[in-house]
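Here is the structure we will look at.
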Amino acid sequence: MAEVLDLSTFVQHRDGTAHIDLAVEGVACANCIRKIESSLKLLPGIVEARLNFTNRRLAVDWREDELAAADVIAALQDIGYRAHPFQPERAETEEAGQASWLTKCLAVAGFAAMNIMLLSVSVWSGATDMPQETRDFFHWLSALIALPAAAYAGQPFFHSAWRALRTRQLNMDVPISLGVLLALGMSVVETASHAKHAYFDSAMMLLFFLLCGRALDHAMRRKTRAAAGNLAALKAEFAHRFDGAELVRVPAAALKPGDRLLVRPGDRVPADGVVLNGVSEVDESLVTGETTRHAVAAGATVHAGSINFSGTLTVRVTAAGTGTLIDEIERLLEKAVATKSRYVRLADRAARLYAPVVHATAAMTLVGWIAAGASVHDSIITAIAVLIITCPCALALAIPAVQVVAARALFQGGLILNSGDAIERLAEVDTVVFDKTGTLTLPQPGFDNVTGAAPDLIALASRLALSSRHPLAAALAREARERIPFEGAIEETGQGVRALIDGAEARLGSAAFCGVEPILSANAVAGASTICFSHAGRHAVLVVQQKLRPDAARVAADLRALGIKLIILSGDGPNAVAPIAAALGIAEWRGGLKPNEKIAIIESLKARGHRVLMVGDGLNDAPALAAASVSLSPISAADITQAQADAVFLGETLAPVREAIVTARRARRLMHQNLWLAVIYNAIAVPVAIAGLVTPLIAAAAMSGSSILVTLNALRARRAS
Amino acid sequence: MNVLIYLVPIALALGLTGLAAFLWSLRNGQYDDVEGAALRVLSDDDVG
């Protein structure tokens, strides 16, 4: 039966035309843009199709009466691209607005800084023979540009500083705002008293460089969020919903409580619900970490994310009421998130140390000069010059610049950051806690030849498995070298699949179906399943079980070599965890844990001063991820879990975990170097300022010099290890 | 120095024009897909 695909939740309508945003997989080259756009424009009714190459998203408009959204996706499928309907999250839209505001501030600051610099340069170079009237005119002109520009472009800093001050805290933006405001105020006073120097140029340059840092930081977070949003769209699951008697394929996001769904064997349950009829087994490993399957029948509760194994189920979607598993996990999450927000970013910690020193130095300069007999006016000017020159311009650029470069390096290594300060927290990690199922092991079980079956039998069995929908057969089918199913293979529901091969009947399925005795090898992990194969009088028992990620042992060894303690905390039974821990040489492990027990263990580790990195994928890991100092999850993880993790890694290997720590440590080293560079700069410039020798030229040179130096140093975070 | 009376407004007006042009391009979505723009220029569909 050809199914109807209903995408109405994703389509927006505007006077006769419809619009949909799609995340497209596999767009890699210039040719893809042309191929996708031109082939879509051949469809009748298409008004506009435009692919955004930067975020791999396609916007399509068409006349509603001539075309349906499903046709667009089908057309893309025909030319070899998989497209997924996409709804931008609110957080992403908000960030886009923020980014464009920051860019506007940057543009205004840049314009003002350039124009004021033009005026200042002429004042400096003609300082001796320029008439006083002209100099004053230039200064007033600078004020005319600088004051409105600073009022507009300084807003990001003023807002943030005000927020911090209101809660009686200091952040980096407090000395910045103070420096800018004082520099502008003093310059106005100086101009009014016909002085030789004004500091409008320094104030605007300062704002310009700081906004560069801020905009870079923001651009990085937007880019990774867009990538994460695409991944979420690619992963989005479809459900088979009964509309009356008809079966309609709808995105899982469009399901409502009360909907009736059909869940076939091998499908993931798309929403929490109650079984109406049907008998089956479900695999809840993504929900609880447990690898043994549960039998379900009418009246049983099934959770979103579990896999239906053997029979077809009809499920009624339930509201997420109190007492459900999801509800419990969300409650734990809220608590865990609240404790995590106590983390202080490196930049703010530096500001806490730095800001009082800056303020004290300026105050002491003022008092010192007055005590030495200078006029109050001159002393104030010198004190303010100290404030300007010590303004943490390089400091504010030092950290975001390193973050951007490091995040890009991680991105190329298959790791997508969800939060900007994750790099700093990753660098401090001394303990890594792994979940077992889906994290140390591959997300799907795979065939493991622990029974020593003959290779030719395995080849035949795996090729026969291509004809079955059963999840165990699907695991075996991934082994098949020849991807062509045998002709005339017949699947007998609940038993197995059979076909004629070389004139003899081959059977793959339950032991009874194949007429063999089931034997589970001693090497098999608990929770392993067997599938039997018989052909022409020969037979084999094949084991499908959780398999370690291919590089798990090497990564574990590498992490230990970095001086990191490894722990396994699993929701699965202890006898399933023991062999995995032994294979990886991890001595500390616990099995059969509930989500709150995982949190308790992580909290006690943190209380003993450990910085804990939690790596997990299950729904039951989400609160533990939030409780840990920093967290990673594989892309196969449950949605809530992924949203909670600081970073998500792609692919079948565990190497990104090691890469993350190594890159983060290098980045932190560079951040510290940058902070020191800034401090050294100030150590040279401050005595000059205290001595009252600072001209605008020195201030500007010191500021841009140090900014450029820290930016160049940050580029070194890119180097591969 | 009387020349400044019209040179300064001209300089400022030029600067403001640049700023306005940038803000217009930002609002117009010129920076939404910078990677794509670099590649689109290579395809020669429009020629002829």
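The table for this structure:
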read-out: Test result for residue A:21, within 30 Å of residue A:242 (Cβ to Cβ) and within 14 Å of another protein chain (Cβ to nearest Cβ); value: yes
read-out: Residue tally, condition farther than 15 Å from residue A:499 by Cβ, touching a strand residue (DSSP E or B) at 6+ places or on another chain (Cβ under 8 Å) and not polar (S, T, N, Q), over the range A:449-468; value: 4
read-out: Hits in the range A:163-199 (condition: within 39 Å of the chain's Cα centre (by Cα) and at positive phi); value: A:168
read-out: Considering residues of the range A:420-456 that are surrounded by fewer than 18 Cβ atoms within 10 Å (Cβ to Cβ) and outside any loop (DSSP other than H, G, I, E, B) only, the residue modelled with the lowest pLDDT; value: A:446
read-out: Test: residue in the range A:561-573 that is in the same structural domain as residue A:634 (by TED's automatic domain parsing), touching a strand residue (DSSP E or B) at 6+ places or on another chain (Cβ under 9 Å) and part of a helix (DSSP H, G or I); value: no
read-out: Some residue of the range A:102-116 being more than 25 Å from residue A:222 (Cβ to Cβ) and not assigned by TED's automatic domain parsing to the domain that holds residue A:212; value: no
read-out: Tally, over the range A:457-491, of residues that are over 41 Å from the mean Cα position of the chain (by Cα) and surrounded by 13 or more Cβ atoms within 10 Å (Cβ to Cβ); value: 5
read-out: Search result, residues across the range A:210-244 that are at pLDDT 75 or above, among the aliphatic types (A, V, I, L, M) and under 23 Å from residue A:272 (Cα atoms); value: A:239
read-out: Those residues of the range A:565-589 which are buried (at least 16 other Cβ atoms within 10 Å of the Cβ), free of Cβ contacts under 8 Å to residues at least 40 places away in the same chain and of a type in the set (D, E, K, R), in sequence order; value: none
read-out: Selection within the range A:72-114 - more than 14 Å from every other protein chain (Cβ to nearest Cβ), small (Gly, Ala, Ser) and either within 28 Å of the chain's Cα centre (by Cα) or not in a helix (DSSP H, G or I) (or both); value: A:80, A:83, A:91
read-out: Residue A:195 being of a type outside the set (Asp, Glu), farther than 23 Å from residue A:215 by Cα and either within 14 Å of another protein chain (Cβ to nearest Cβ) or out of contact with any His (no Cβ under 8 Å at 6 or more places or on another chain) (or both); value: yes
read-out: Qualifying positions in the range A:168-195 - surrounded by fewer than 14 Cβ atoms within 10 Å (Cβ to Cβ), of a type outside the set (Lys, Arg) and modelled with pLDDT under 85; value: A:169
read-out: Total residues in the range A:31-51, condition free of Cβ contacts under 8 Å to residues at least 12 places away in the same chain and either among the polar types (S, T, N, Q) or crowded, with 17+ Cβ neighbours inside 10 Å (or both); value: 3
read-out: Residue that is assigned by TED's automatic domain parsing to the domain that holds residue A:645, surrounded by 24 or more Cβ atoms within 10 Å (Cβ to Cβ) and closer than 30 Å to residue A:713 by Cα, where the choices are A:397, A:417; value: A:417
read-out: Pair list, Cβ under 8 Å, 6 or more apart: the range A:449-462 residue in contact (Cβ under 8 Å) with a residue 12 or more places away in the chain, other residue of a type outside the set (Gly, Ala, Ser) and assigned to a helix (DSSP H, G or I); value: A:449/A:458; A:461/A:476; A:462/A:476
read-out: Tabulated pairs, the range A:6-21, first assigned by TED's automatic domain parsing to the domain that holds residue A:44 and surrounded by fewer than 19 Cβ atoms within 10 Å (Cβ to Cβ), second assigned to a strand (DSSP E or B) and of a type in the set (Asp, Glu), C-beta under 8 angstrom, 6+ apart or interchain; value: A:17/A:61; A:19/A:61
read-out: Checking residue A:117 against (1) at the interface with chain B (Cβ under 10 Å from one of its Cβ atoms); (2) touching a residue at least 12 places away in the same chain (Cβ under 8 Å), the condition it does not meet; value: (1)
read-out: Close pairs from the range A:153-164: first surrounded by 13 or more Cβ atoms within 10 Å (Cβ to Cβ), partner of a type in the set (Asp, Glu), Cβ under 7 Å, at least 6 apart; value: A:157/A:173; A:160/A:173; A:161/A:173; A:164/A:173
read-out: Residues satisfying the stated conditions in the range A:465-514, i.e. touching a Ser or Thr at 6+ places or on another chain (Cβ under 9 Å), part of a loop (DSSP other than H, G, I, E, B) and at positive phi; value: A:494
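For (1) among the aliphatic types (A, V, I, L, M); (2) more than 25 Å from residue B:34 (Cβ to Cβ); (3) free of Cβ contacts under 8 Å to residues at least 60 places away in the same chain; (4) surrounded by fewer than 20 Cβ atoms within 10 Å (Cβ to Cβ), each residue gets a yes or a no:
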{"position": "A:53", "(1), (2), (3), (4)": "no, no, yes, no"}
{"position": "A:72", "(1), (2), (3), (4)": "yes, yes, yes, no"}
{"position": "A:80", "(1), (2), (3), (4)": "no, yes, yes, yes"}
{"position": "A:86", "(1), (2), (3), (4)": "no, no, no, no"}
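The values are calculated or read from the model by the stated rules, or taken from the named source; none is laboratory data. Model, not experiment: these values are computed from the prediction. FYI the Cβ positions are ideal-geometry reconstructions off the backbone, even for glycines, and counts take in every protein chain you see.
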